[in-house]
Every structure is written in C-alpha cells, then in structure tokens.
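**Student:** Below is the structure I would like to discuss, written out as structure tokens.
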Amino acid sequence: MKLVFAGTPEVAVPALDALIASGRHEVAAVVTRPDAPAGRGRRLVASPVAERAEEAGIEVLKPVKPRDEQFLARLREIAPDCCPVVAYGALLPKVALDIPAHGWVNLHFSLLPAWRGAAPVQHAVMAGDEITGAATFLIEQGLDSGPVYGTVTEEVRPTDTSGDLLTRLAFAGAGLLAATMDGIEDGSLKAVPQPAEGISLAPKITVENALIDWSAPALRVDRVVRGCTPAPGAWTVFRGERLKLIQAALVTDRTDLAPGELSVAKNNVYAGTGSHAVELLWVQPQGKKPMRGADWARGVRIAPGERLGAADVR
C-alpha cells in the first residue's frame with residue numbers, strides 16, 4: 001500500500017522505521033506537528049519524526065491544523081491507501097479521515113477499551129496495572145473508540161517508570177503496526193468493534209496531578225512517582241520551594257514517620273507516608289540538576305521533624 005505516516009515524538013520513530021524497513025509498503029510522506037521552540041535559546045526544532053523522515057528522503061508535511069486546505073489538497077494528491085498514526089498530537093477532522101481508502105489506523109499504547117486518551121501508559125503505571133499493551137484501531141470521530149485490528153501485551157514491571165514502559169511498547173507496537181498494514185493490504189485482517197464494558201479514560205497528566213499526597217499509602221506514592229517520570233515529573237514542596245521526585249523506593253520496615261516527615265541516615269533519606277516510608281533515591285531541587293537523595297539531604301541539613309509537603313510554594 002501507499003502510506004502517509006502521522007506522528008511527532010521520539011516514541012513514534014520505531015513505528016516509522018518498521019514501516020520503512022518492511023519493504024512491502026511505500027511511505028510516501030510523513031505528517032507531523034510544526035517545528036516547536038526548544039532549549040534555552042527557544043529556537044525552532046523539527047520533531048523527531050520529521051528528522052527521521054528527512055534522513056530517509058521522505059516528504060514531510062507540517063500543517064498547523066490538519067484541516068488546512070493546502071494540507072488536505074496535498075494529501076488528496078498523494079492519494080494514500082492508508083494512514084498509520086502514532087502520537088501525532090492533533091485531532092483529525094472527518095474530511096481528512098475520509099481521504100485514504102483504508103482510513104487512518106492508530107497505534108495506541110493500551111489494551112483498548114482500557115485507558116482511552118492522551119496518557120494511557122502513565123495511567124496504567126499509576127493504577128498499578130500488572131499487564132498493559134498496545135492496540136491498532138481504525139480512527140473514527142470518538143475518543144480512541146474505533147474498531148481494533150490487533151493487540152500486543154506487555155508486563156508492567158514493579159520498578160517501571162512510564163518512560164521505561166513506553167519505550168518497550170514503542171518497539172513492540174512498531175511490529176504490530178507493520179503487521180496490521182500487511183493484514184489490511186492482503187485482506188486477512190478485519191477490525192473488531194471494542195466491547196462496551198471495561199472502558200477507562202486516560203486524560204493528560206497535569207502538573208497538579210503530579211503533586212505527591214504524603215497522607216496516601218506508600219504504594220500510591222511510589223506509583224505516582226513512577227507514572228509521572230519522566231513527564232510531567234512528580235513533585236512536593238520543601239521549605240516553600242518545589243522538589244522534584246525522580247526515583248523512590250518502598251521501605252516496608254519503617255512505619256515510625258508521620259506523612260511527609262523526613263529521616264536522614266548516613267547514606268539514605270526517608271519520607272513518611274500514610275503507611276510505611278519511602279526512600280528518596282533521586283531528587284531535583286528547584287533550579288538545580290538531579291542529585292541523589294542523600295546528597296540533597298546533607299546539603300540542606302534537615303532538622304528533626306521537618307516535613308515535605310508544606311502548603312506554600314515560591
């Protein structure tokens with residue numbers, strides 16, 4: 001088939017690579033989000049998908065909105081048979097959905113109908129799911145509600161961050177998307193409607209969602225830290241300033257600390273929760289680089305009884 005691939009971030013690159021390498025289909029063009037400011041200089045930078053496509057000599061389309069008439073006209077000229085999508089980042093209007101004969105087929109990083117929405121991997125980690133996966137489905141006007149072509153499953157490991165899990169799913173999903181294109185092309189694969197039961201939603205995780213509630217059980221604190229890593233980053237407050245929590249560990253033998261209360265040992269720093277303590281392995285103070293929790297604790301000279309999670313934030 002002639003394909004137009006739509007995707008933007010690094011997580012979409014393995015799928016683009018898989019389609020290019022398959023040799024069975026032609027990736028005629030790539031659709032991605034416009035160049036965005038990045039770094040301290042805020043200079044405009046192309047998306048990872050755009051960079052990879054340019055390396056491969058593939059035409060790159062960067063519409064401000066996918067309903068722009070110039071973009072739609074070019075898409076009609078290319079006349080793709082199917083448009084595979086991975087984390088494109090913009091809503092597709094019906095006029096665009098109707099152009100390819102086999103529609104737009106999305107690779108979504110959950111086992112639909114679970115975790116429909118923008119942040120399925122983060123929500124799976126934060127909810128404590130033991131198994132998740134990826135699914136390919138035909139995009140329709142509803143939120144991730146279209147019929148499913150295929151799935152792959154992936155275990156959620158006890159120490160997985162959302163970044164760890166998403167990396168594995170990106171590669172497993174790349175193979176699934178390529179196989180889905182093959183099945184659509186030869187007619188061996190038919191999309192199956194999603195069940196009406198088991199629907200859960202995964203809206204974008206905001207900075208407010210990533211604030212640690214120290215009165216919650218330790219398991220919940222650990223899941224929020226892992227689910228919000230690398231983005232948007234779990235955080236708390238210490239002495240009126242934000243403290244980012246990059247990595248924590250459960251400590252089942254410490255139940256003597258009040259929620260948020262800090263305890264410093266020679267090479268460790270612990271924080272109390274609603275159940276047992278967690279060890280702060282890696283943190284990032286406001287305006288500084290990431291550092292080991294014990295090094296941070298020594299530097300700030302924590303007083304006895306001092307706590308995380310004070311209300312005031314500077």
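The values are calculated or read from the model by the stated rules, or taken from the named source; none is laboratory data. Remember, it's a predicted structure, so these values are computed and weren't measured experimentally. Positions of Cβ are generated from backbone atoms using ideal geometry, with glycine treated the same way; all protein chains shown enter the neighbour counts. In case anyone asks, the SASA skips ligands and DNA or RNA and just uses the protein heavy atoms, side chains included. Shrake-Rupley method; radii C 1.70, N 1.55, O 1.52, S 1.80 Å.
**Student:** Which residues, counting only those in the range 160-176, are open to solvent by 20 Å² or more (accessible area, probe 1.4 Å), part of a helix (DSSP H, G or I) and of a type in the set (Ser, Thr, Tyr)?
**Tutor:** Of everything in the range 160-176, just one residue is open to solvent by 20 Å² or more (accessible area, probe 1.4 Å), part of a helix (DSSP H, G or I) and of a type in the set (Ser, Thr, Tyr), namely Thr167.
**Student:** Answer yes or no as to whether Ala90 is touching a Leu at 6+ places or on another chain (Cβ under 9 Å) and surrounded by 12 or more Cβ atoms within 10 Å (Cβ to Cβ).
**Tutor:** Judged against the criteria, Ala90 is not a match.
**Student:** Looking at this structure, is Arg40 farther than 25 Å from Phe171 by Cβ, free of Cβ contacts under 8 Å to residues at least 12 places away in the same chain and more than 20 Å from the chain's Cα centre (by Cα)?
**Tutor:** The answer is yes for Arg40.
**Student:** Separate question: Which residue out of Arg24, Arg33 is within 23 Å of Ile78 (Cβ to Cβ), assigned to a loop (DSSP other than H, G, I, E, B) and within 23 Å of the chain's Cα centre (by Cα)?
**Tutor:** Answer to the selection: Arg33.
**Student:** May I pose another question? For the range 41-102, give me every one of the helices (runs of 4 or more DSSP H) that falls completely inside it and has 2 or more residues that are basic (Lys, Arg) and either touching a helix residue (DSSP H, G or I) at 6+ places or on another chain (Cβ under 9 Å) or modelled with pLDDT of 95 or more (or both).
**Tutor:** 69-78
**Student:** Taking the range 118-138 as the region of interest, how many residues are open to solvent by 40 Å² or more (accessible area, probe 1.4 Å) and either acidic (Asp, Glu) or over 18 Å from Arg220 (Cβ atoms) (or both)?
**Tutor:** Going through the range 118-138 one residue at a time, the tally reaches 5.
**Student:** Let me ask something additional. Return only the number of the condition from (1) surrounded by fewer than 19 Cβ atoms within 10 Å (Cβ to Cβ); (2) of a type outside the set (D, E, K, R); (3) part of a loop (DSSP other than H, G, I, E, B); (4) modelled with pLDDT of 95 or more that Leu111 does not satisfy.
**Tutor:** (1)
**Student:** Another question, then. Could you list, in sequence order, all residues of the range 33-50 that are within 19 Å of Leu92 (Cβ to Cβ) and buried (at least 17 other Cβ atoms within 10 Å of the Cβ)?
**Tutor:** Passing the criteria: Arg33, Ser47, Val49, Ala50.
**Student:** Under 6 Å between Cβ atoms, at least 6 apart or on separate chains: pull out the pairs that start in the range 204-220 with a residue that is among the polar types (S, T, N, Q) and end on any residue that is assigned to a loop (DSSP other than H, G, I, E, B).
**Tutor:** Correct list of pairs: Ser215/Pro259; Ser215/Gly274.
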